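Okay, so here's the structure we're looking at.
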Amino acid sequence: MTAIGWIQIVVIFALVLICVKPLGTFMANVFEGKRAFLSPLLAPLERAFYRLAGIDPSHEQNWRGYTVAMLVFNAAGFLFLYALMRLQDVLPLNPQGFSAVPPDLAFNTATSFVTNTNWQSYGGETTMSHLTQMAGLTVQNFVSAGTGIALALVLVRALGRSGAKTVGNFWTDITRATLYVLLPLAIVVALAYIATGLPQTLLGSTDATTLEGAKQVISLGPVASQEAIKQLGTNGGGFFNANAAHPFENATPISNVISIWAMLLISAALPYTFGRMVGDTRQGRTLLTAMLTILVAGVAVAYWAEASGNPLLSALGVDPSMGNMEGKEVRFGTAMSALYAVITTGLSCGAVNAMHDSFTPLGGLIPMIMIQLGEVLPGGTGSGLYGMLVFAVVAVFIAGLMVGRTPEYLGKKIEAREMKLAMLALLILPLSILGFSAAAAVLPAALSSLANAGPHGLSEILYAYSSATGNNGSAFAGLSANTPWYNITLGLAMMLGRFAYVVPVMAIAGSLVGKIRVKESEGTFPTHTALFVALLVGTILIVAGLEFFPALALGPIVEHFQMLAGKTF
């Protein structure tokens, strides 16, 4: 590890933290229906959308109506995207002449983008037409991120309101999230990407002459626009198969910094939005502090592991001075590759600028753990906030048991119903991750896709289902996932991770919003202190440890000790 590497890491976190308060305040004003600085420009357009759709933005829904509207909207998006891929060979804007996407791959991809996962079992530049990329994938990048923000707002309102029956209007929330937050930021980031060298064109490809005199076809397309919302919406799906390691997706160290900043921007600002909307910004700072505590620790471990190098490669004569550079781009180096890997998995982004499958065992363990902790560090756009609030509910319940008082969070009593629903949501992750991984570890149809045997092969399987269930989308690329088994089971895991998780969370919101918000007293356990940060961090780590440590011990942990012993598979 070097001082320059740490300075780069610190500068990027500082750039994000500088933006937390202004963006968080802006979003609070937007979602509370107050005037914001973009209102003169966008408010007339917003009203026009409501008139065209026949929506009354002042009419609020209870949690059931809100959830049904969300599910119907996402089901419609799934069907449209699936049909678009199946028919792309007969539709316009297909300069490459790509054929229709096979049914199992279309199911997997449609599920992936609707759930904000963006797992890709295909090479984008060799599979998807420009129309599919723009009208299908990019659109879902916007609305899946908007859905996450909308769902987070429901839980925020449930905690902030007292004795209410409604939690907001889904159509209003997703419109404002897309129109006021995601779209303006995406335009700015796309222009910045274009300035660093990313292409933005409707051409299918261009021909180049190599140094040897041969001809090479280089794929092109509307890359910058998709890259912008891919990062801002923590989607992660790349235009190219190599994702952000491809020079057309991540051209320079400057574009790399923009990418990391954009990934963190909205998810880091939403806790401040939460604090503003519940009337206590200390609560938002507490959540963000807990998120960053684990995230920074993960960055430190991953950077150390990759900077230490791989003794197996050193034994073959590879210079260890630059650390483990297998699968990494020289233009980014070890520090920025490790930071990118941890950020993209602490979020639910899944974009990669290095191949996680080539990381050292401990270096690859950290991204996997970041996903298994629940994608709350700071998690996906919106989904990270409501996931962290679920952990906060569990943490105050534990605190109540320890001090012998009725647990409360923001003046709302946490009772048996809320705890049952919270545990139902939290248990979805291990049920899907470990259940599907166990089946894949023994079935020939799944094992045939592995590039490695032994512990690393298990890590490839475990990472895939962790990524799918956590709605992350990154992968240990040694797994060939474009098979009927993986396309179908990973698609089901994505659905469980998104919708089976969020329905209990919406039920929690429905239960909390009707409760009377009581004032703090001397017996109230404070939830804005360093003690609560420690309790919240401990709760997250203990829950994940109990669920996943045995599986991790059989994969990356034992592989680490085998590496030290000079053994390979």
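Over region 174-235, the ratio between the Cα radius of gyration and 2.2 N^0.38 Å evaluates to 1.47.
The alpha carbons of region 386-443 give a radius of gyration and a Dmax of 15.2, 50 Å, in that order. The order of the peptides 355-365, 441-451, 24-34 by mean Cβ neighbours within 10 Å, most packed first, is 355-365, 24-34, 441-451. With contacts taken as Cα pairs under 8 Å and at least 6 residues apart, region 21-279 reaches a relative contact order of 24 percent.
Ordering of 511-517, 492-498 by packing is 492-498, 511-517, highest average first (other Cβ atoms within 10 Å, averaged per residue). Remark: spin-label model distance TRP304-ARG64 equals 5.2 nm, labels positioned 7 Å along the Cα→Cβ axis.
Counted by neighbouring Cβ atoms within 10 Å, the residues ILE7, ILE428, ILE371 run from fewest to most as ILE7, ILE428, ILE371.
Spin-label pair LYS420-THR529: with each label point 7 Å from Cα along the Cα-Cβ axis, the two points sit 3.3 nm from one another. Here VAL296, VAL154 are placed in order of increasing Cβ neighbour count within 10 Å, fewest first, which gives VAL296, VAL154. Rounded to the nearest 20 debye, the dipole size of the chain about its Cα centre is 1840 debye, using +1 on the Cβ of Lys and Arg and -1 on the Cβ of Asp and Glu. May I ask you to list the residues of region 282-319 whose amide nitrogen lies under 15 Å from a point 7 Å from Cα along the Cα→beta-carbon direction of GLU520? Within reach of a label on GLU520: 282-287. Max-minus-min Cα coordinates of region 390-524 on each principal axis give 60, 26, 21 Å, with the largest extent listed first. Pairs of Lys residues in the chain, spaced 8 or more positions apart or belonging to different chains, with C-alpha separations under 13 angstrom: 5 in total. For the Cα trace of region 102-237, dividing Rg by the Kirkwood Rh returns an Rg/Rh value of 1.11. Note on the chain: dipole from Cβ charges, positive end direction compared against ALA228, ALA315, PRO199; the farthest Cα belongs to ALA228. Based on the Kirkwood approach, the hydrodynamic radius assigned to region 297-402 is 14.8 Å, with every pair of different Cα atoms included. Full extension of the segment from LEU546 to ALA439, taken as 0.36 nm per residue of separation minus the current Cα-Cα distance, would add 36.5 nm. Diffusion of region 21-279 by Stokes-Einstein, at 4 °C in a medium of 1.567 mPa s and with Rh set to the Kirkwood radius over alpha-carbon pairs, works out to 66 µm²/s.
For region 452-504, dividing the convex hull volume of the Cα atoms by the residue count gives 67 Å³ per residue. Counting only the Cα atoms, the chain fills a convex hull of 150 Å³ per residue. Packing, as the average of other Cβ atoms within 10 Å across residues, places the peptides 131-142, 530-541 in the order 131-142, 530-541, highest first. Length gained on full extension, ARG35 to THR206, computed as 0.36 nm times the residue gap minus the Cα-Cα distance: 56.9 nm.
Let me check against my output: what whole-number percent is the relative contact order of the chain, with C-alpha pairs under 8 Å and at least 6 apart? In percent, rounded to a whole number, it is 19. Helical content of the chain, expressed as a calculated mean residue ellipticity at 222 nm, amounts to -20000 deg cm²/dmol (DSSP H runs of 4 or more residues, -39,500 (n - 2.57) each, divided by residue number, nearest 500).
Shape class of region 500-569 from the alpha-carbon gyration tensor: oblate, with a/c at 1.5 or above and b/c at least as large as a/b. Kirkwood hydrodynamic radius of region 235-325, from the reciprocal of the average inverse Cα-Cα distance over all distinct pairs: 16.3 Å. Spatially, region 74-103 and region 468-486 are offset by 21 Å when compared through their Cα centroids. Computing Rg and the Kirkwood Rh from the Cα coordinates of region 182-286 gives a ratio, Rg/Rh, of 1.15.
Full extension of the chain between TRP6 and TYR50 gives 11.0 nm of extra length, using 0.36 nm per residue less the Cα-Cα distance.
All of the numbers you see were taken from the coordinates with simple rules; none came from a lab. As the structure is a computational prediction, the values presented were derived from the model and not from experiment. A quick note on method: Cβ atoms are made from the backbone with ideal geometry, for glycine too, and the neighbour counts reach across all protein chains shown.
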